[in-house]
Amino acid sequence: MQHWIADYIAAQQRALSSVTPAQLAPLIETLREAHRNDRQIFVIGNGGSASNASHFAVDLGKGASDKLPRRFRVQSLTDNTAWITAIGNDYSYDDIFVRQLQNFARPGDVLITASVSGNSPNLVKAFQWAQDTGLKTIALVGSKRGRLADLGTESGHQVIVIDDTHYGRVEDVQMNILHMLCYAFWEHPEWAA
């Protein structure tokens, strides 16, 4: 059992080490710009990545914002069960995020998408709509990359590829990244100025 635990920890460390500070600094700058221009930040994901989206919205919207003179406008589109089930039932599960964005998002806003596979149809549809509508997009994906990475790379938007395919490890690194994005402003409120 201890060997398995040691191997798991080593693999987790490799996954986290596959992401560099140089890759993450532009994401912090994107959030800084969104805050400066009073833009809205949306975050989406499925399963564990949906939980990460909710966690991020709380940490940025409450924790980091408590340190700033003006709060971040951030929303996880994974949190309204009635909204999600109405869209899924009346239209399609593939529309659960894009139809919320159509109500709330405006050009210049930011969409952060967290996915291990990078291929979830509901995420890809929302991501494509966001890019077509003039939102800035960020994709956090595993090493399979998927359509999200392709869309982000093709259009010059921000893509972070976590070098692993293991759902738990990729989701853990997603949360590490999302925590860094929050704590950048929590611990350095002057960066939001």
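The values are calculated or read from the model by the stated rules, or taken from the named source; none is laboratory data. Values in this document were obtained by computation on a predicted structure and should not be read as measured data. All Cβ positions, even for glycine, are placed from backbone atoms using ideal geometry, and neighbour counts span all protein chains on display.
Return the residues of region 68-90 that are within 19 Å of TYR183 (Cβ to Cβ) and of a type in the set (D, E, K, R); say none if nothing qualifies.
Those that are within 19 Å of TYR183 (Cβ to Cβ) and of a type in the set (D, E, K, R): ARG70, ARG71, ARG73.
I want to confirm something. Restricting to region 54-64 and keeping residues that are within 17 Å of ASP109 (Cβ to Cβ) and touching a residue at least 40 places away in the same chain (Cβ under 8 Å), which single residue is nearest to the chain's Cα centre (by Cα)?
Per the criteria, the residue is PHE56.
Looking at (1) modelled with pLDDT under 95; (2) in a strand (DSSP E or B), find the lone condition where PRO69 falls short.
Going through the list (1) modelled with pLDDT under 95; (2) in a strand (DSSP E or B), PRO69 breaks only (2).
Only one of PHE97, PHE104, PHE56 is at pLDDT 95 or above, of a type in the set (Phe, Trp, Tyr) and under 24 Å from LEU16 (Cα atoms). Can you tell me which?
Step by step, each of PHE97, PHE104, PHE56 is checked, and only PHE56 is at pLDDT 95 or above, of a type in the set (Phe, Trp, Tyr) and under 24 Å from LEU16 (Cα atoms).
Condition first: touching a His at 6+ places or on another chain (Cβ under 8 Å) and either among the acidic types (Asp, Glu) or under 17 Å from ALA53 (Cβ atoms) (or both). Now tell me which residues in region 117-141 satisfy that.
Result: LYS136, THR137, ILE138, ALA139.
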